[in-house]
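Working notes, beginning with the structure itself.
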Amino acid sequence: MKDISIIVPCYNVAPYIKNLLLSFHMLDLDNISYEIIFVIEESNQDNVREVIDQYMGDMNYSFETSNGGTVGIARNMGLAAAEGDYVWFVDADDWIINPDVIRQALGFLLKGDFDIMQIDFVSNYFRMKHYSMVWQYIFKRKFLKDISFNKEKHFEDNKFMEDVFAKIQGKEITMLNIPSYFYNYEREGSLMYNMRS
């Protein structure tokens, strides 16, 4: 059993994943049992696995393969493989900007026995805070046992978070008010960028 599992779907992101991989190395993970699961789409056409191996070094990481072509399917695959008490879904073209985020988050979550923690973020696009993106939350894995992502290509976060909030039913969600995640909206080739163009 691990303290936390970080799940990263990967599809043709080799040119963009370096910042995330470097940010993993800056995390304070002393005495924290963790795993990082990279879920690579079977039809992936770049060398992302080699890039990950090059940068991850001796960190605790593994690969899973998904077949279906959507982020939701990849996240479901990662969640099925996860062993952490908590899970964090991270996008391959974003990165972590707070070295203490895991330690701080686990401290709050365990102390209050919360099911969810919301993570503050910054972005090169958003002018206001939005709260429907799955990477904004660290979840207790047991809480997600009957929740999964749909197989649609667009807006899979929305339905997932609708199910999460329906299950919470007014229970408190704790928040880490320290900007800890960088949402890289402007990456050309990303789903959200293409939808805007």
Whichever lysines have a C-alpha closer than 18 Å to that of Lys111, once near sequence neighbours (fewer than 8 apart) are set aside: Lys2, Lys140, Lys142, Lys171
Solvent-accessible area, 1.4 Å probe, carbon plus sulfur percent, for the stretch 37-76: 39
3J(HN,Hα) from dihedral phi, the stretch 158-167, Karplus parametrisation 6.51/-1.76/1.60, rounded to Hz, x for glycine, proline: 4, 5, 4, 5, 4, 5, 4, 5, 5, 6
Whichever aspartates and glutamates have a C-alpha closer than 15 Å to that of Lys167, once near sequence neighbours (fewer than 8 apart) are set aside: Asp115, Asp146
Amide H contacts under 5 Å for Tyr61, placed H, 5+ residues apart: Ile36
Nonlocal amide H pairs with Asp3, under 5 Å, H built at 1.01 Å: Ser33, Tyr34, Asp85
Hz values of 3J(HN,Hα) by residue in the stretch 142-147 - Karplus curve (6.51, -1.76, 1.60), Gly and Pro given as x: 4, 5, 8, 4, 10, 10
Taking N as its residue count, the alpha carbon Rg of the chain over 2.2 N^0.38 Å: 0.95
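Go ahead and estimate [θ] at 222 nm for the chain from helices alone: -39,500 (n - 2.57) per DSSP H run with n ≥ 4, summed, over the residue count, rounded to 500.
-9000 deg cm²/dmol
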Label-point gap, in nm, between Asn19 and Ile178 - each point 7 angstrom along Cα→Cβ: 2.1
Amide H partners (placed H, <5 Å) of Thr174, local residues excluded: Ile116, Gln118
Local electrostatic count, Tyr61, Cβ distance below 10 Å [Lys/Arg +1, Asp/Glu -1]: -3
Per residue accessible area of the chain, 1.4 Å probe, in Å²: 49
Local electrostatic count, Arg103, Cβ distance below 12 Å [Lys/Arg +1, Asp/Glu -1]: -4
Size of electric dipole in the chain: Cβ of Lys, Arg +1 and of Asp, Glu -1, about Cα centre, debye, nearest 20: 540
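The values are calculated or read from the model by the stated rules, or taken from the named source; none is laboratory data. All of these numbers come straight from a predicted model, not from anything done at the bench. All Cβ positions, glycine included, derive from the backbone under ideal geometry; neighbour counts span all protein chains shown. Side chains are part of the model used for accessible areas, which takes the heavy atoms of the whole protein and leaves out ligands, DNA and RNA. Shrake-Rupley method; radii C 1.70, N 1.55, O 1.52, S 1.80 Å.
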